[in-house]
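Trainee: Got a structure here, written out as structure tokens. Questions coming.
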Ligand SMILES: *Cc1c(COP(=O)(O)O)cnc(C)c1O
């Protein structure tokens, strides 16, 4: 019997049906673009939670660190452990809340840095920590109404933590709720509350203080006075804009492309129904292509009869219900299409491109959710070489 060489066969199968391409050159280009907005003393935290917004956390983290980011942000402890197990040594902030003694032990063991959101959480940490000093990050709520102690109680919170043994305040941060809005009122109110709270705690913005950070991607673009000591960007790294009116500030390149192969081509007659429920019925002779990707891969079923894909550089309408593993395209305008040809669902082919924003607009959601929606069944295939520019090293050596 022939033996099956598992490792090489799985590698070969990566592009057999459907896959996600991650362009490392685009990723490092985007890092460079973000750094160009920042002063040399401001650090870049690359937010790589949710498997780097679906791009693959380890590859993304390695590339952004080579390109000039100095911190990583994750949502959960297992996300941090995955990076440590891959040998990544950069400081990692866990943005989510953690409480239990098991979690605290894991934080210490893996040298992760937790976010403390309440006095109670600080007390639990102080009692459970075994190391002499654990760097911790305090979260203030300045208007997001999510994690953190209200900015009005910052003084008591900071005083309490300062009095606790074993904890050292590495940063005090907050999070913006509306930074991508055209109207700056709420963002400015949050900034004022943040600064008022820090001043009330006795901090001087020019003197020695823990790191201050407030800006997400939109905040990083719209106003450099939000940068402080560090910015926390997610979406920009991946080459998308938090809002259309922010496009002119930066030249970003989408990092992710989603591709799949044609698995069958056929011609159907007028009146023929396509896919479950016959939500599409051909009104003329139609050449259709079956594509090996479906909602179990992360193509939302609500895009049925709405989305297009790129075939040989041309738009092709998706027709009929998207099924779990497959979907159909109308390719009547593309002669002699062959099984095995590659179709682009998200990305660029020739002069045509389809962005995660296009799907988000069709679905009434945001591009963040589209990126995070691609399932692990799709292999992530790295393409392109990160551009490691001389000035990136110079920039890092300034620190
Ligand atoms: C997710 C997250 C970010 C990054 O947000 P983007 O809009 O993708 O830049 C920054 N800070 C915190 C606390 C987050 O949870």
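Trainee: Running Debye on the stretch 24-238 with equal point scatterers at the Cα sites and no solvent, what base-10 log of I(q)/I(0) appears at q = 0.08, 0.09 Å⁻¹?
Mentor: The calculated log intensity ratios at q = 0.08, 0.09 Å⁻¹ are -0.26, -0.33.
Trainee: Whole Å is fine, so just give me how far the alpha carbon centre of the stretch 77-93 lies from that of the stretch 272-288.
Mentor: The stretch 77-93 and the stretch 272-288 have Cα centres spaced 49 Å from each other.
Trainee: For the chain, build the convex hull from the C-alpha positions and give me its volume per residue in Å³. It would help to have the intermediate numbers written out before the result.
Mentor: Details: hull volume 71.6 nm³, N = 399.
Taking only Cα atoms, the chain has a hull volume of 179 Å³ per residue.
Trainee: If you average the sequence gap of Cα pairs under 8 Å that are 6 or more apart and divide by the length of the stretch 257-324, what percent do you get for the contact order?
Mentor: Details: 119 pairs, mean separation 21.9, N = 68.
That works out to 32 percent.
Trainee: Please give the Cα centre distance for the stretch 308-353 versus the stretch 110-176, rounded to the nearest Å.
Mentor: If you average the Cα positions of each part, the centres end up 50 Å apart.
Trainee: Provide the convex hull volume over Cα atoms per residue for the stretch 262-371, in Å³.
Mentor: Values: hull volume 10.4 nm³, N = 110.
Roughly 94 Å³ of hull volume per residue.
Trainee: Quickly estimate the mean residue ellipticity at 222 nm for the chain, helices only: each DSSP H run with n ≥ 4 gives -39500 (n - 2.57), and the total goes over all residues, rounded to 500.
Mentor: Numbers: 13 runs with 117 residues, N = 399.
The helix-only estimate for the chain comes to -8500 deg cm²/dmol at 222 nm.
Trainee: Okay, next question. Could you state the number of Å between the C-alpha centres of the stretch 217-257 and the stretch 23-63?
Mentor: If we compute the Cα centre of each part, the gap is 11 Å.
Trainee: Based on the alpha-carbon set only, what is the convex hull volume of the stretch 1-139 divided per residue, in Å³? If you can, show how the numbers build up before the last one.
Mentor: Numbers: hull volume 21.9 nm³, N = 139.
Residue-normalised Cα hull volume stands at 157 Å³.
Trainee: Shifting gears a bit: Mind giving me the nanometre distance, one decimal, between the label points for residue 302 and residue 267, set 7 Å out from Cα along Cα→Cβ?
Mentor: Once both label points are built, they end up 3.8 nm from each other.
Trainee: Ok, one more. I'd like the orientation of helix 119-128 relative to the chain: the angle between its Cα long axis and the longest Cα principal axis, in ° from 0 to 90, rounded to 10.
Mentor: Roughly 80 degrees, rounded to the nearest 10.
Trainee: Round to the nearest 10 and give me the degree value, 0 to 90, for the angle of helix 185-200's Cα axis relative to the longest principal axis of the chain.
Mentor: The angle comes out at about 30 degrees.
Trainee: Once the Cβ-Cβ distance between residue 89 and residue 224 is put in as r, and R0 is 25 Å, what FRET efficiency do you end up with, to the nearest 0.05? Walk me through the numbers on the way to the answer.
Mentor: On the way: r = 29 Å, r/R0 = 1.17.
It comes to 0.30.
Trainee: Work the Kirkwood hydrodynamic radius out for the stretch 187-246: mean of 1/r over every pair of different alpha-carbon atoms, inverted, in Å. Mind dumping the intermediate values first?
Mentor: Values: mean 1/r = 0.0796 Å⁻¹.
Over the stretch 187-246, the inverse of the mean reciprocal pair distance is 12.6 Å.
Trainee: Sequence gap at least 6, Cα distance under 8 Å: using those rules, report the relative contact order of the chain to the nearest whole percent. Write down the numbers at each step before the final one.
Mentor: Details: 833 pairs, mean separation 77.9, N = 399.
Worked out over the chain, it gives 20 percent.
Trainee: Take 183, 358 and order them by how many other Cβ atoms sit within 10 Å, fewest up front. Provide the component values of the computation, followed by the final result.
Mentor: Numbers: 183 8, 358 16.
By the 10 Å Cβ count, ascending, the order reads 183, 358.
Trainee: So if R0 is 45 Å, what FRET efficiency would residue 199 and residue 276 give, r being the distance between their Cβ atoms, rounded to the nearest 0.05?
Mentor: Details: r = 61 Å, r/R0 = 1.35.
For R0 = 45 Å, the calculated efficiency reads 0.15.
Trainee: OK, next. What percent do you get for the relative contact order of the stretch 24-238 when only Cα pairs under 8 Å and 6+ apart count?
Mentor: Numbers: 393 pairs, mean separation 42.5, N = 215.
In percent, rounded to a whole number, it is 20.
Trainee: What do you get for the angle between helix 24-35 and the principal long axis of the chain? Use alpha-carbon atoms, 0 to 90 degrees, nearest ten.
Mentor: 40
Trainee: Calculate the spin-label point distance for residue 339 paired with residue 208, positioning each point 7 Å from the Cα along the beta-carbon direction, and give it in nanometres.
Mentor: Label-label distance for residue 208 and residue 339, simple model: 7.1 nm.
Values in this text are rule-based calculations from the coordinates and carry no lab data. These numbers come from a predicted model, not from an experiment. Reconstructed Cβ throughout: ideal geometry from the backbone, glycine too, with neighbour counts over all protein chains shown.
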